[in-house]
Amino acid sequence: MSVPLFEPINVRSVEIPNRIAIAPMCQYAAPDNGVAGDWHLMNLGQYCMGAAGLVMTEATHVSLDGRITKGCLSLHNDETEAGLKRTFDFCREWGVSKLAIQIAHAGRKASCQVPLRGGQSLPAEEGAWQTVSASDIPYGEWHTPQALDARGIKEVQQQFVESTKRAVRLGFDLFELHAAHGYLMNQFLSPLSNKRTDAYGGSLENRMRMMVETFEAMRSVIPNDLPLGVRLSAVDWVEGGVELEDTVKICAALKELGCDFVDISSGGLHSEQKIKVGPGYQVAFAEAIKREVGIQTWAVGMIVTAQQANEIIADGQADMVMLARGAMFNPRWAWHAANELGVETLYADQYKRCRPDLWPGAEMLK
Ligand SMILES: Cc1cc2nc3c(=O)[nH]c(=O)nc-3n(C[C@H](O)[C@H](O)[C@H](O)COP(=O)(O)O)c2cc1C
């Protein structure tokens, strides 16, 4: 019997061995100018053993100023490239998952404390820096950003290109532009944070321009056979913000540009948002986009059990499921799901001794 969650899927030339992806999760563990270290090797390394078809890095920023916090990862110079190379090479050599990178700029949500220190805007004495955005409108009470001028826009886009080139050189299989959660691309997309009167503001087509141009610039330096997708917030959860019908149009435009997948999240743009969280709370957005646009669509958000994840794929609501906290809780989530659903999945060689066909104890876990 085929189990949809464990069917492979093709994204351009890349075959992902099952429909399970580890979602990007900031670790705030790179205090040394955005350089990945032991924690990143351990963190991504553990997921790569655990048979998720795809493991995505945390938001990896295109500049130091584009980082959310001083603990966030960056990929903007030789040092950050070398740091990430160590993690990447480990995952490639020992792991079984395809490897994706999320490339990001935090815009007006940069210059924050790490969550353990409060997660608020960095005070001046802790080394706050000037943030940038579509307009000079702060997120809540946070720093007031500088609106990017035409030159600033081109500079940021060039930073995305440079980071993407580095990610290509490292050997990633898939690339994702982070345009969700209220970060820079999202700040251009939403009418709540974008009050520009030039070609980058006003109509949805204009508000999309920053993301579209950045996507095209990244695409131009990624080899033809490798996929590039986008993470979007389907809705802002605030009146007057981005609604699902806007996101459907954004996804249709991305499809025209050759976008290989959209990864559908929500919220993060506005401090007054009213999110309704519950099991699979964002899946309906992914389902609507997949149906309306016919683009490969990934779902995320409180997808926790094997049955739930399998149903999302079986019912055609999404093409992939992404897990964040469920995978943090159990980095071998995919092994347990395969055991529960009665299928085989990939194991790193060193861990095969606990495979259900070789270890009778697995029966007791069903
Ligand atoms: C610790 C943590 C860090 C996160 N960092 C990122 C990130 O770097 N980029 C991103 O797009 N989403 C990030 N997210 C959001 C997750 O990718 C995911 O969309 C969200 O947690 C909902 O999925 P879940 O219910 O499976 O946790 C983060 C979530 C957590 C819990």
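The values are calculated or read from the model by the stated rules, or taken from the named source; none is laboratory data. Small disclaimer: the values here were computed from a predicted structure and weren't measured. So basically every Cβ, Gly included, is an ideal-geometry build from the backbone, and we count neighbours across all protein chains shown.
Being in a strand (DSSP E or B) and over 16 Å from ARG209 (Cα atoms) is the filter here; which residues of segment 232-272 pass it? Step through it out loud before you land on a result.
At the first step, the residues of segment 232-272 found to be in a strand (DSSP E or B) are 232-233, 262-265.
Scanning segment 232-272 gives SER233, VAL262, ASP263, ILE264, SER265.
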Residue that is nearest to LEU257 (Cα to Cα) [pool: residues in segment 160-212 that are in contact with a Leu (Cβ under 6 Å, 6 or more places away or on another chain) and of a type in the set (D, E, K, R)]: ARG207
Selection count, segment 293-317, where residues are without any contact (Cβ under 8 Å) to a residue 40 or more places away in the chain and not in a strand (DSSP E or B): 13
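Name the residue, out of PHE188, PHE160, that is in contact with a strand residue (DSSP E or B) (Cβ under 7 Å, 6 or more places away or on another chain) and either within 21 Å of GLU58 (Cβ to Cβ) or modelled with pLDDT of 95 or more (or both). Full working, then the answer.
Working: PHE188 fails: in contact with a strand residue (DSSP E or B) (Cβ under 7 Å, 6 or more places away or on another chain).
None of the others qualify; the one that does is PHE160.
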Search result, residues across segment 275-292 that are surrounded by fewer than 21 Cβ atoms within 10 Å (Cβ to Cβ) and not in a loop (DSSP other than H, G, I, E, B): ALA284, GLU287, ALA288, ARG291, GLU292
All positions within segment 33-53 that are in contact with a helix residue (DSSP H, G or I) (Cβ under 7 Å, 6 or more places away or on another chain) and part of a helix (DSSP H, G or I): HIS40, LEU41, LEU44, GLY45, TYR47, CYS48, MET49
Number of the condition not met by ALA348 [criteria: (1) away from the ligand (no atom under 11 Å from the Cβ); (2) free of Cβ contacts under 8 Å to residues at least 40 places away in the same chain]: (2)
GLU125 in contact with a helix residue (DSSP H, G or I) (Cβ under 8 Å, 6 or more places away or on another chain), surrounded by fewer than 24 Cβ atoms within 10 Å (Cβ to Cβ) and part of a helix (DSSP H, G or I): no
Residue check, MET185 within 16 Å of the ligand (Cβ to nearest atom) and not charged (D, E, K, R): yes
Residue pairs meeting the criteria (Cβ under 9 Å; at least 6 apart or on separate chains; first closer than 16 Å to SER97 by Cα, in segment 323-334; second within 9 Å of the ligand (Cβ to nearest atom) and part of a helix (DSSP H, G or I)): TRP333/GLY326; TRP333/ALA327; ALA334/ALA327
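In the list ALA51, ALA30, ALA100, ALA36, which residue meets the criterion of being among the aliphatic types (A, V, I, L, M) and out of contact with any Lys or Arg (no Cβ under 9 Å at 6 or more places or on another chain)? Give the derivation first.
Working: ALA51 fails: out of contact with any Lys or Arg (no Cβ under 9 Å at 6 or more places or on another chain); ALA30 fails: out of contact with any Lys or Arg (no Cβ under 9 Å at 6 or more places or on another chain); ALA36 fails: out of contact with any Lys or Arg (no Cβ under 9 Å at 6 or more places or on another chain).
Answer to the check: ALA100.
When you go through ALA314, ALA362, ALA309, ALA337 one by one, which is the residue that is out of contact with any strand residue (DSSP E or B) (no Cβ under 6 Å at 6 or more places or on another chain) and either of a type in the set (Phe, Trp, Tyr) or under 22 Å from MET25 (Cα atoms) (or both)?
Details: ALA314 fails: either of a type in the set (Phe, Trp, Tyr) or under 22 Å from MET25 (Cα atoms) (or both); ALA362 fails: either of a type in the set (Phe, Trp, Tyr) or under 22 Å from MET25 (Cα atoms) (or both); ALA309 fails: out of contact with any strand residue (DSSP E or B) (no Cβ under 6 Å at 6 or more places or on another chain).
Among ALA314, ALA362, ALA309, ALA337, only ALA337 is out of contact with any strand residue (DSSP E or B) (no Cβ under 6 Å at 6 or more places or on another chain) and either of a type in the set (Phe, Trp, Tyr) or under 22 Å from MET25 (Cα atoms) (or both).
Restricted to segment 68-111, and to residues that are among the aliphatic types (A, V, I, L, M) and in a helix (DSSP H, G or I), which residue is nearest to HIS178 (Cα to Cα)? So that I can check it myself, show each step before the final result.
From segment 68-111, those among the aliphatic types (A, V, I, L, M) are 68, 73, 75, 82, 84, 96, 99-101, 103-104, 106, 110; that's our starting set.
Filter once more, keeping what is in a helix (DSSP H, G or I): 82, 84.
Values: ALA82: 22, LEU84: 18 Å.
Filtering segment 68-111 for residues that are among the aliphatic types (A, V, I, L, M) and in a helix (DSSP H, G or I), the one nearest to HIS178 (Cα to Cα) comes out as LEU84.
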Residue that is closer than 22 Å to LYS154 by Cα and not polar (S, T, N, Q), where the choices are ASP38, ASP136, ASP89, ASP32: ASP136
